[in-house]
Amino acid sequence: MDSHTAGEPTRVVMSGGPDLGEGPLAERLLRFRELHDNFRRSVIHEPRGSGVVVGALLVPPVRASSSAAVIFFNNSGYLGMCGHGTIGLVATLAHLGQLRPGRHTIETPVGTVEAFLHSSGEVSVRNVPCWRSRTSVSVEVPDHGTVVGDVAWGGNWFFLSEGAPCELSLANVDALTEYTKAIRAELHWGRITGSAGAPIDHIEISGPPRRAENQSRNFVLCPGGEYDRSPCGTGTSAKIACLVADGKLREGQVWRQEGILGTVFEGKVESIDGELRPRIRGSAYITGEGDLLFDARDPFVEGIAP
Ligand code: PYC
């Protein structure tokens, strides 16, 4: 089932995926990566998919009380959590009549999230605990000088900085991609990581919003070199973690995050048992349903990738 959330596509694999066995989702993700990475490639890469698509493999939940368990993957590997993908998954299951409006628990490899399907069809996701791990980190970026930003966990690792070499608009996507890739390369060479040496694979740059009712506009570079068409759910969560750490946002306050297409995720600060659990609200639309076919004679059965 294909959908898009605020412009960013999600492909939910309903059945036919690899058997990853039982146990914690983090362990099943490792099995996916080590034993069945060809499945990821064949679903995401051309000619069946494209670099922009985020895959969502449904797997049996650990707990009977959960509505679903999911492992997200993309053109370069696997994601911890995915905000737009969770909204897409919930909209997909609702479209299929498998979820009713109300509260649902969804397991991911980095923790359990709570989703709320509104009667309007919108979806809110209460993310895993999020936090800022480093503040005001400086990197020297060739042709751009010193870039200062924070490192934060929003379900994936992000480097977040304010400002850009050009306007945050669709017309400038190539320049913004080149700039954020250069930042990421410098983080890599400088061995600047998330906690426990985790690579920072998402770069989020922010600037003023186009619409007065929003607080910020962003551009997010994803791990495989594509940009997020949506405002990025985990990126908005990481941003909220930084704003809360700076005392600029408080419990209950709303942060309306515009993405590069002008679509919006509404973020809300929630803390549970002393942990920050941002809540992200958005909409997804179903774009297709079908069967993927794998012909052993096809030279590109596992997709086209460098
Ligand atoms: O919405 O969290 C998100 C996301 C991560 C990568 C692409 N979208």
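The values are calculated or read from the model by the stated rules, or taken from the named source; none is laboratory data. Predicted model, so just to flag it, every value in this text is computed and none were measured. Because the Cβ atoms are built from the backbone with ideal geometry, glycine has one as well, and the counts that use them run over all protein chains shown.
The set of residues in the range 46-67 being away from the ligand (no atom under 16 Å from the Cβ) and over 18 Å from R33 (Cα atoms) consists of E46, P47, R48, P61, V62, R63, A64, S65, S66, S67.
Conditions (1) in contact with a Phe, Trp or Tyr (Cβ under 7 Å, 6 or more places away or on another chain); (2) away from the ligand (no atom under 15 Å from the Cβ), marked per residue:
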residue: A69; (1), (2): no, yes
residue: L79; (1), (2): yes, no
residue: C82; (1), (2): yes, no
residue: V90; (1), (2): no, no
residue: H95; (1), (2): no, yes
residue: E114; (1), (2): no, yes
residue: P142; (1), (2): no, yes
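Candidates are the residues of the range 209-249 that are of a type in the set (A, V, I, L, M) and surrounded by fewer than 24 Cβ atoms within 10 Å (Cβ to Cβ); the one that is farthest from the ligand (Cβ to nearest atom) is A212. Candidates L160, L176, L187, L168: the one that is surrounded by 14 or more Cβ atoms within 10 Å (Cβ to Cβ), in contact with a helix residue (DSSP H, G or I) (Cβ under 8 Å, 6 or more places away or on another chain) and either among the small types (G, A, S) or not in a loop (DSSP other than H, G, I, E, B) (or both) is L160.
Does at least one position in the range 66-75 carry a residue that is farther than 29 Å from A152 by Cα and out of contact with any strand residue (DSSP E or B) (no Cβ under 8 Å at 6 or more places or on another chain)?
In the first step, residues of the range 66-75 are kept if they are farther than 29 Å from A152 by Cα; the result is none.
Scanning the range 66-75, I find no residue that is farther than 29 Å from A152 by Cα and out of contact with any strand residue (DSSP E or B) (no Cβ under 8 Å at 6 or more places or on another chain), so the answer is no.
In the range 270-289, the qualifying residues are those that are more than 20 Å from S120 (Cα to Cα) and modelled with pLDDT of 95 or more, and the one that is surrounded by the most Cβ atoms within 10 Å (Cβ to Cβ) is P278. The strands (runs of 3 or more DSSP E) located wholly in the range 81-157 that include 3 or more residues which are in contact (Cβ under 8 Å) with a residue 12 or more places away in the chain and touching a Cys at 6+ places or on another chain (Cβ under 9 Å) occupy 145-153.
Return yes or no: is S169 more than 20 Å from V148 (Cα to Cα) and away from the ligand (no atom under 15 Å from the Cβ)?
Working: more than 20 Å from V148 (Cα to Cα): yes; away from the ligand (no atom under 15 Å from the Cβ): yes.
Taking the combined requirement at face value, the residue satisfies it.
Out of all the residues in the range 38-57, which are under 19 Å from V110 (Cα atoms) and either surrounded by fewer than 22 Cβ atoms within 10 Å (Cβ to Cβ) or of a type in the set (A, V, I, L, M) (or both)? The answer is V54, A56, L57.
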